[in-house]
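The values are calculated or read from the model by the stated rules, or taken from the named source; none is laboratory data. It should be emphasised that the depicted structure is a prediction, and the values quoted were computed from it without experimental measurement. FYI the Cβ positions are ideal-geometry reconstructions off the backbone, even for glycines, and counts take in every protein chain you see. All accessible areas refer to the heavy atoms of the entire protein, side chains included, with ligands and DNA or RNA removed. Shrake-Rupley method; radii C 1.70, N 1.55, O 1.52, S 1.80 Å.
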Amino acid sequence: MKKSLLLVLTLFSSGLYAQEHFAGINTSRRTGIINATVNPAELTNLKNKYEVNIFNFSANVSNNKMTFGDLVGGSDDFEDMIFSGNEPVNMKADIEILGPAFAYKIDKWAFAITTSAKIKADIHDVDTGLGRALTTDTDILDIAGSYITAGSNQRVSGTSWGEVGFSAARDIFENDTHKFSGGITFKLIFPGSYANMAADQFNGDIALGTGANTGDVVLKNANADINVAYSGSLADGFTDAGNFTDFFAGGLNGFSTDFGFNYRWKDPNNDEGYKVNAGLSVRNLGSMTFKDNNNVSKNYRLETTGAQEFNLSQFEGVDDLKEVEAILQSDPNIQFVDTKSDFKVKQSAVLSTYADFKVYNNWYVTGFLQQRLSDESKNDQLIAQNIFTVTPRYSGEWFEAYAPISSNEISGFTAGLGVRLGGFYIGSGSILSAALGNTNQADAYLGFRFGF
C-alpha cells in the first residue's frame, strides 16, 4: 500500500535541495560580505574600500539515515531507506541565495546593504514506524503490531522568505599589534510561504483495521496534539518546487538582528595580514509574521480508546495541508482545540564563534562552531543544527584552496573542498566524503564578488 508522502517526505519530493552555508569560504582571509554574514564585525576587515556582491548560492541537505551512496546507487526505495531502523528521522534542507549587495569602509567605520532569499525544509524526530505506515509499500501485516511512543514533537515544516539587511561595524580599539571591532546587522524580513504539520506527545498502536476500516492500517489507543499551519503558496502542496519560491510575497512583516565582535592579532611582517583572526556573534534574533489571506494555524487533539480506530489510509493520495485539515475536521476521533489566522514564526537563533590561525607563510587553519540557541521542537520555530568545522587552507592573494572538515549534529562527519580564484569561488562541505559514498550530507555553493 503506497501512502502519501505529505506527512513526512513531500517537502523533498521535488528533489533533495542541497546547513553550514559557504563552509570554508565564509572564514576566508580574503574578507568580504560573505564573512559578514557570519559576523557583521568582519566588515571593518574588508580587503578593499568597496565590495560588491553579484550572486552567491548555497544548497545543503543532511539527514541521519541515508548516505550519499544510498541516494545515487541504492536499490531500495527512498522511503524504505529513510524509515529504516528505530532511530527517529531527522532531515534538514536549506537553500540560501545572497543577491546584490554593497559594502564600503570609511575611516574606522564600515557599512553594508545586503539582499537574500532563503528556503528551509525540515523533518524533525519523526518516528520510523509511523513513517512506514504512511509512506511505504510494506505489507500491512509487517506494519501492524507496532507501538509508537514519542515524547518529542514530530514535525514536518517548510518556509521561504526574503531579507534586506543594513549593517554597520566600527573599530573599537587598535594599535600596532591588536585590533578589536564590533558590528550589527538589522534585517527586514519579507515572509513568503510557510507550512507545518506536527504531532506532539504521540503514542498509539499501529493495527489492522476492522469493520469499515478492514484492509487498512489504523491507530488504536492513540493520543497526540496535532498542529496544522500554512500560509501562502505552500498551502497548495509541496510537490511543486515553485511553491517554495515566493520569497517576498508577504510584504514587510518581520525583523531580526545579528551582532558580533572581532579580534585580530596583527602580523608585523604583513600590513594586511594577521596571526590570529577570531570572532563571536549571535545571529537571527527575531521573527516574521505570516498574514496571507489563506493563513491557517489550527490545533487538534487525537484520542482513540477501546474499539475506536483512526484510519491512516485516509491520507493516501493527499498532497497538501488543506486536504489534511479537511480530513482532521471530519474524523470523529479528532477534537478541534483552537485556531488563529495571523501567526509568528521565530528565526533560528545561533551562536557562532571562530578563530583563523596563521601556521606558516600562506598556510592557515580555522576552527568554526555554530550552536543553536532555540528550541527546535516548537511549532513556531525555524530549525538550525549544531556544527563544528576545522578548515586547513592555503590562502594567497588571488588563489585560495581549502578543505572544511565538519562534525554535524544530523549528518555526522563530512569533508569537503573549495577553491577561490580572485572574486570567484566554488566549493562543497561534503564532496570528499561523498566521493567515498559514506556521507549523510550533500551540499554545494558558488559565488562571485569583487572589490575596488
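Couple of notes before you dig in:
- Each of Asp342 and Phe186 was given a label point 7 Å from its Cα along the Cα-to-Cβ line. The distance between the two points is 2.0 nm.
- Here the dipole of the chain is about 2020 debye; that uses its Cα centre as origin and unit charges on the Cβ of Lys and Arg (positive) and Asp and Glu (negative).
- On segment 325-452, 65 percent of the accessible area sits on carbon and sulfur atoms, based on a 1.4 Å probe.
- Rolling a 1.4 Å probe over the heavy atoms of the protein chains gives the chain an accessible area of 39 Å² per residue.
- Spread of Cα-to-Cα distances over 10 Å intervals beginning at zero, given as percent, for segment 386-452: 22, 47, 25, 6, 0
- Rg over Rh [alpha-carbon atoms, Kirkwood Rh] for the chain: 1.03
- With the convex hull drawn around the C-alpha atoms of segment 340-452, the volume per residue stands at 151 Å³.
- Residue among Ala41, Ala415, Leu369 farthest towards the positive dipole end of the chain, charges placed on Cβ: Ala41
- Rg and Dmax of segment 350-404, both derived from C-alpha coordinates alone, stand at 15.6, 50 Å.
- Hydrodynamic radius by Kirkwood, which averages 1/r over all alpha carbon pairs of segment 156-197, in angstrom: 13.4
- Where N is the number of residues in segment 378-418, Cα Rg divided by 2.2 N^0.38 Å: 1.62
- Two-site label geometry, Leu369 and Leu421: point separation in nm, points 7 Å out along Cα→Cβ: 3.7
- Loop chymotrypsin sites (Phe, Trp or Tyr not before Pro), segment 328-422, which have at most 12 other Cβ atoms in a 10 Å radius of their Cβ (DSSP): Trp398
- Look at the dipole of the chain built from charges on Cβ: of Gly396, Ala199, Phe186, the Cα furthest out on the positive end belongs to Gly396.
- A convex hull fitted to the Cα coordinates of segment 102-213 yields 197 cubic angstrom per residue.
- Within straight-line cross-link reach of Lys358, lysines at Cα separation under 18 Å, skipping those fewer than 8 residues along the same chain: Lys47, Lys179, Lys266, Lys275
- Size of segment 279-412: Rg and Dmax of its alpha carbons, in Å, are 23.6, 75.
- Rg(Cα) / (2.2 N^0.38 Å) computed for segment 312-358, rounded to two decimals: 2.18
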